[in-house]
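Structure, as C-alpha cells:
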Amino acid sequence: MNTQDTIIALSTPPGSGAIGVIRLSGPDAIRLTNDVFAGKDLEKQASHTLHFGLIKDGDQLIDEVVAGLFVAPKSYTKENVVEISCHGSNYIIQQIINLLISKGARAAKPGEFTLRAFLNGAFDLSQAEAVADLIASNSKASHDVAMQQMRGGFANELKGLREQLIHFASMIELELDFAEEDVEFANRDQLRNLVTKINYVLQRLISSFELGNVIKNGVPIVIAGKPNVGKSTLLNALLNEERAIVSDIAGTTRDTIEDELNIGGIVFRFIDTAGIRDTADIIEALGVERTLEKMKQAKLIIYMADASQTVAELEEQVRGLVKLEIPYLILLNKVDLLAAEQRSAFAALGVVFISARDKVGIDELKITLLEQVNLHHINTSETLVTNIRHVEALKQTENALQRVLENVDNPVTSDFLAMDIKQALHYLGEITGTVTTDDLLENIFTKFCIGK
Ligand code: GDP
C-alpha cells in the first residue's frame, strides 16, 4: 500500500447535514487544497489555524468553506492534514472531493487515516483499534473502556512486561553463544519470578474479557415465558416504544426482536427468542437444539409468568429453568390482577412483581437487572480487554510462558527457553503492533469506516 501519497475522504457521515468535513492527509495536502482555494495562501499559514475561503474549479464557485490546517508532524496522522468544512450537501462534497482527486489526491480506503497514524507512530495498534471502539461506543461503560484503551492504558500495561522479557531473552541468547563454557547470565530465580508475575497479569487481562466483551457488545438477555404472559408488552415498556407486536392471540409474537436498552450506562441486548416465546414449556424448549443454543448465549434469562397460574405451576416451571444453568430472574406480570393474599406465596419464590401494561415495577426491575449481571459497580478505570484478537494473543503468550516455567530449571533446554520467550514476545507484540503483517493490518483497518 502506498503511504507516501495524499489521501482524501469525507470524514462526517454521508448524507446532508449542516456541514460536511472533508479530510486530506499526506505531503501534498496543503498544496493541493491551496490550488483550489481562493483566500489566503495556505502554504504560508501556521499549523492549527482556520481559514475562510472559496473552493473554485476554475471560474466556477463550488462553496464557501473553512480550511483547518495541521502541519506535519502535529496532526492525527503525523502528516500534513487539511480539514475542509463545507456545506453538508452531497453534491458539494462530491464536487470538492472530485476536484481534489483531479489535482492529484487519492480516495482514502477505510481506516487509512488511522492506519497512517499507526504506521507513523502516533499510537500503537491496540490504541488504533480503540479509536474504532470509541466511535462505536453507545453507553457510558463502553465509552469509558474505549477511551481508556485509546489513551494507552492497556498498551502501557503490556509495554513494561515486554521490556523485561526482552532483557531475559537477550541474556539467554548470550548463554547460548557461550554454550561450551556453561555460564548462566539469566538468573533462573528472577526469570521464574518475572514469568510468574507476567502470567498473573495475563490471567487478569484474559479474565477481564468476559466483562469487557459484555460492556462493548451489550449484555445478552432472553425474555422467556408462556404465550400471553406479557413478554412483548414488557419489552415495549422497557424500550418505551411500540415496536414488538402485542396481541391477545397466543403465540403471535413471531417476528425477530433484537433490541438494545441502556440501563445505568450498561447496554442490554435482547436476543431474538421467537422460538422460545412460542414454546409453552421451557423444559420442552430444552429439546429444541437451536433454541437452546440461543438461550446459551444469554447471560441472564428473564422468565415471565403472570397472575393466571398457581404458585405450584410456577415452581414446576422454575425447576425446568434451573436445568439450563444460566442465571435467571422470575417476573410475575399483571400484578393488577393478583389478589393481595396470593402475593406472599409468589413472593416466597423470589419473584419480581410488575405490571408491564401499567408500567408498574419497571424501575425496580431495571435495578434488579443491573444487580443480577453484577455490573453495577464495574470499575472502568481498570484495564479491560474488549477485543477477541487481544485475548487470543494474550492466551498464546500465556501458553508460551507456561512452557518457559516448565523448562526454566532444566539446563539442557536453554534453546527451548529462548524459543518460548521469543514466542511470548511475538504474541505480545501482535497486540500492540510491534509485530505486524499486512494481512493483520488489512483485517483491522478495513473494518473502519472510510474517512477515519
Ligand atoms: P406475550 O405473548 O407474552 O408476548 O404477551 P403480550 O405482551 O402479547 O401480552 C398478552 C396480553 O396481556 C395483552 O393483551 C396485554 O395487553 C396483556 N398484558 C400485558 N401486561 C399486562 C399487565 O400488566 N396487566 C394486564 N392486566 N394485562 C397485561
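The values are calculated or read from the model by the stated rules, or taken from the named source; none is laboratory data. In this text, all values refer to a predicted model and were calculated from it rather than measured experimentally. Because the Cβ atoms are built from the backbone with ideal geometry, glycine has one as well, and the counts that use them run over all protein chains shown.
Quick notes
- Elements of type strands (runs of 3 or more DSSP E) in segment 1-72, at least 2 residues being closer than 10 Å to ILE84 by Cα: 17-25, 49-57, 60-70
- For segment 290-310, the set of residues classified as more than 20 Å from THR368 (Cβ to Cβ) and modelled with pLDDT of 85 or more consists of SER308, GLN309, THR310, listed by residue number.
- Sole residue being out of contact with any helix residue (DSSP H, G or I) (no Cβ under 8 Å at 6 or more places or on another chain) and more than 30 Å from VAL311 (Cα to Cα), chosen from ASP438, ASP415, ASP409: ASP438
- Residue count for segment 293-312, restricted to those that are out of contact with any strand residue (DSSP E or B) (no Cβ under 8 Å at 6 or more places or on another chain) and within 16 Å of the ligand (Cβ to nearest atom): 2.
- Of residues in segment 220-248 being at pLDDT below 85 and of a type in the set (D, E, K, R), the one farthest from the ligand (Cβ to nearest atom): GLU241
- Taken as a whole, the condition of being more than 16 Å from the ligand (Cβ to nearest atom), on the phi < 0 side of the Ramachandran plot and free of Cβ contacts under 8 Å to residues at least 40 places away in the same chain applies to GLU371.
- Spans of helices (runs of 4 or more DSSP H) in segment 311-380 with at least 3 residues among the small types (Gly, Ala, Ser), more than 27 Å from the chain's Cα centre (by Cα) and not assigned by TED's automatic domain parsing to the domain that holds LYS140: none
- The listed residues are GLU184, GLU129, and the only one of them that is over 29 Å from SER414 (Cα atoms) and either charged (D, E, K, R) or assigned by TED's automatic domain parsing to the domain that holds PRO13 (or both) turns out to be GLU129.
- Selection status of GLY350, more than 13 Å from the ligand (Cβ to nearest atom), closer than 24 Å to ALA237 by Cα, in contact (Cβ under 8 Å) with a residue 12 or more places away in the chain and surrounded by fewer than 18 Cβ atoms within 10 Å (Cβ to Cβ): yes
- Of all residues in segment 249-265 being modelled with pLDDT of 80 or more and either among the hydrophobic types (A, V, I, L, M, F, W, C) or farther than 22 Å from LEU329 by Cα (or both), the one that is farthest from the ligand (Cβ to nearest atom): ILE263
- Here segment 325-347 is the region considered, the condition is being among the polar types (S, T, N, Q) and surrounded by 15 or more Cβ atoms within 10 Å (Cβ to Cβ), and the residue that is nearest to the ligand (Cβ to nearest atom) is ASN333.
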